[in-house]
Amino acid sequence: MSRLKTVATSRRGFLGLAGGAAALSGLGLSRGRAQSVQTNARIVILGAGAAGTALANRLVERLDGARITLVDGRQKHLYQPGLSLVAAGLKPADYVVSDTAQWLPRGVEWIEERAAEIDPEAKTVTTEGGRALPYDYLVVATGLVLDHDAIEGFSLDLVGTEGIGALYAGPEAAAATWASASRFVEEGGRGIFGRPETEMKCAGAPLKHTFLIDDRLRRAGNRGKAEIVYAAPQPSLFGVPIVAEKVRMLFGDRGIETRMQRTLKSIDPGAKIATFEDADGIAHEEDYDYIHVIPPQRAPDVVRQSGLSWADKWTDQGWVEVDMQSLRHLRYPEVFAIGDVAGVPKGKTAASVKWQVPVIEEHLVAQITGGTSDARYDGYTSCPLITQIGRAMLVEFDYHDNLVPSFPGVIAPLEELWISWLMKEVALKATYNAMLRGKA
Amino acid sequence: MQDLTFGTLIAVFEEMFGRGLFWAMVAVAIIVTLAYFFVLIRDRTVSWKKFLWAQLSMPLGAIAAVLFVQRMTSSSFSDLGGPIDWIVLLGVAVAGAIGLAILVYTLESLVRPPRSREGRE
């Protein structure tokens with residue numbers, strides 16, 4: 001008791017306790033770090049998007065002396081998971097934009113040009129400015145391109161006018177999409193939503209946009225004046241059967257009509273008519289007051305012309321021929337592909353990238369040291385599938401179409417929950433940014 | 001979620017609020033908590049009068065915390081979908097209630113300390 005009194009009444013003693021507590025908590029914050037590997041390897045990463053940036057940040061920590069070069073002509077980094085929120089009027093366009101430079105670690109060289117040619121035989125990348133970059137290891141992280149020209153009658157400058165939306169095309173297009181969609185929300189009419197026939201980034205986003213605009217109509221009291229149609233080339237609403245069934249039920253509940261096995265081929269903006277082709281090649285016309293266009297998605301030309309693409313799969317899309325678990329090229333063992341451009345059955349999301357980055361990191365470091373790694377990517381993909389403003393389903397799955405919930409028994413994957421919305425709204429961008437810095 | 005470590009959590013919170021604001025908030029929370037213990041130890045008794053005010057402020061803290069979270073996340077009570085949502089809501093409310101109670105008690109004690117040892121007994 002007397003000792004307590006002595007400590008308590010002495011201000012210096014009290015401050016000492018406080019300092020000790022702070023020092024202890026500081027110790028708790030120090031992160032374990034794998035021992036760095038000495039090397040003079042030349043590593044070229046094509047693309048400073050989510051995958052390229054996160055990998056560069058982690059490799060800098062792991063490799064001492066490596067010459068890491070990032071090749072990307074884009075000054076701006078896009079937080080693409082935010083585009084759905086921008087296109088529903090929930091966030092401003094600049095919510096998704098940051099400077100590429102702010103995420104790049106010291107110790108890597110950033111060449112602000114696009115790659116013009118990849119020669120995997122000569123192990124050289126040539127930039128658009130003609131600079132040759134010989135490499136020992138190459139990571140293809142270019143992302144994908146949106147093939148807007150494949151939709152006849154559509155062009156990007158139409159977005160925001162004539163009832164046309166296209167949220168995938170970037171922050172300005174997403175904001176313009178909301179301009180079109182908000183007119184539909186106010187006036188009602190016929191809204192057409194859908195997805196392309198190719199592989200695509202975040203296959204949940206077309207559904208999210210449909211649900212969000214449905215909710216916007218309800219909140220405006222105009223749902224009764226609107227008809228919503230979801231048309232897609234696939235036979236089901238989602239690639240994972242159990243999720244597809246759930247979405248089918250939710251669409252039924254929300255009164256959203258579906259047209260399966262219909263591929264958007266063209267639009268006539270003047271007449272507001274969209275033409276779809278069914279599985280038998282028969283054309284079907286649909287009139288609309290609002291249409292959300294998501295074009296086919298493909299690997300960039302520089303990848304498709306490099307000989308790195310699959311020759312017998314996705315031949316119209318050109319994804320890189322990699323082992324689906326190691327993400328290592330099947331013919332060039334010093335080449336990896338990550339993110340949207342990787343030719344694997346699932347995984348064109350930022351959540352997938354988060355799981356792919358450590359796998360490539362392990363294989364690359366092991367290869368540099370002459371060893372091997374058993375790190376595997378099993379197709380993990382996550383989609384906070386928004387079903388209304390304020391609710392989402394935290395859908396997580398793998399290559400085998402299994403649900404792989406992060407919080408089993410706590411956050412039910414197929415239940416519309418507020419907590420899943422909170423994660424999307426509050427925690428997702430922060431987690432994404434931490435991933436970019438190589439810390440998550 | 002892969003590798004949900006303490007370091008990852010800290011990194012995520014830093015990104016959520018910005019590094020400066022996050023650590024400033026941590027510092028404020030630590031300072032208020034330490035100040036609370038400081039006045040408890042200094043006074044060596046709980047003032048039930050101050051505690052009453054602290055308790056009365058708790059519902060206010062609970063409601064304010066819930067409305068703040070809803071406002072920041074474009075959501076409302078109608079979005080609660082399952083048991084975990086109610087648990088999160090209650091957690092937010094409890095955190096707000098306790099936080100405000102501690103703050104009120106501490107401020108009262110710092111602003112109006114007991115006049116003398118005799119006065120307390």
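Within segment A:409-426, how many residues are within 19 Å of A:Lys354 (Cβ to Cβ) and more than 8 Å from every other protein chain (Cβ to nearest Cβ)?
4
If the requirement is being away from chain B (no Cβ under 11 Å) and at positive phi, which of these qualifies: A:Asp401, A:Asp374, A:Asp340?
Working: A:Asp374 fails: at positive phi; A:Asp340 fails: at positive phi.
Every option except A:Asp401 fails the conditions.
Show the residue pairs that are 6+ apart or on different chains and have beta-carbon atoms under 7 Å apart, the first residue being within segment A:239-251 and crowded, with 21+ Cβ neighbours inside 10 Å, the second being of a type in the set (D, E, K, R).
A:Val240/A:Asp401
Considering only segment A:398-423, state which residues are within 27 Å of A:Asn57 (Cβ to Cβ) and touching a residue at least 60 places away in the same chain (Cβ under 8 Å).
Passing the criteria: only A:Tyr399.
Name the residues in segment A:374-392 that are touching a residue at least 40 places away in the same chain (Cβ under 8 Å), touching an Asp or Glu at 6+ places or on another chain (Cβ under 6 Å) and either buried (at least 16 other Cβ atoms within 10 Å of the Cβ) or closer than 30 Å to A:Gly89 by Cα (or both), would you?
The answer is A:Ala375, A:Gly379, A:Thr387, A:Gln388, A:Ile389.
Taking segment B:45-66 on its own, how many of its residues are in contact (Cβ under 8 Å) with a residue 24 or more places away in the chain and of a type in the set (D, E, K, R)?
Here is the first cut: in segment B:45-66, the ones in contact (Cβ under 8 Å) with a residue 24 or more places away in the chain are B:45, B:47, B:50-51, B:53-55, B:57-66.
From what's left, of a type in the set (D, E, K, R): B:50.
Count: 1.
When the residues of segment A:355-371 are narrowed to those that are within 12 Å of another protein chain (Cβ to nearest Cβ) and surrounded by fewer than 23 Cβ atoms within 10 Å (Cβ to Cβ), which ends up farthest from A:Tyr137 (Cα to Cα)? Lay out the reasoning, then the answer.
Narrowing segment A:355-371 to residues within 12 Å of another protein chain (Cβ to nearest Cβ): A:355-359.
With surrounded by fewer than 23 Cβ atoms within 10 Å (Cβ to Cβ) added as a condition, the list becomes A:355, A:358-359.
Working: A:Trp355: 20, A:Pro358: 16, A:Val359: 15 Å.
Going through the qualifying residues, I end up with A:Trp355.
Pick out, from segment A:261-339, the strands (runs of 3 or more DSSP E) lying fully within it that include 2 or more residues that are among the charged types (D, E, K, R) and within 22 Å of A:Val229 (Cα to Cα).
Answer list for segment A:261-339: A:262-268, A:273-278, A:283-287.
Of all residues in segment A:377-398 being part of a loop (DSSP other than H, G, I, E, B) and more than 30 Å from A:Val37 (Cα to Cα), which is farthest from the other protein chains (Cβ to nearest Cβ)?
Applying the first criterion (part of a loop (DSSP other than H, G, I, E, B)) to segment A:377-398 yields A:377-380, A:389-390, A:398.
Keeping just the survivors that are more than 30 Å from A:Val37 (Cα to Cα) gives A:389-390, A:398.
Working: A:Ile389: 6, A:Gly390: 3, A:Asp398: 12 Å.
Checking each candidate, the answer is A:Asp398.
Between A:Lys265, A:Lys313, which is surrounded by fewer than 15 Cβ atoms within 10 Å (Cβ to Cβ), out of contact with any Cys (no Cβ under 6 Å at 6 or more places or on another chain) and within 17 Å of A:Met200 (Cβ to Cβ)? Write out each step before concluding.
On the way: A:Lys265 fails: surrounded by fewer than 15 Cβ atoms within 10 Å (Cβ to Cβ).
Matching residue, one of A:Lys265, A:Lys313: A:Lys313.
Read-outs throughout are calculated quantities, based only on the coordinates presented, and are distinct from any laboratory measurement. A quick note: this is a predicted structure, and the numbers were derived from the prediction, not measured. Don't worry about glycine lacking a Cβ; one is built from the backbone with ideal geometry, like all the others, and counts go over all protein chains shown.
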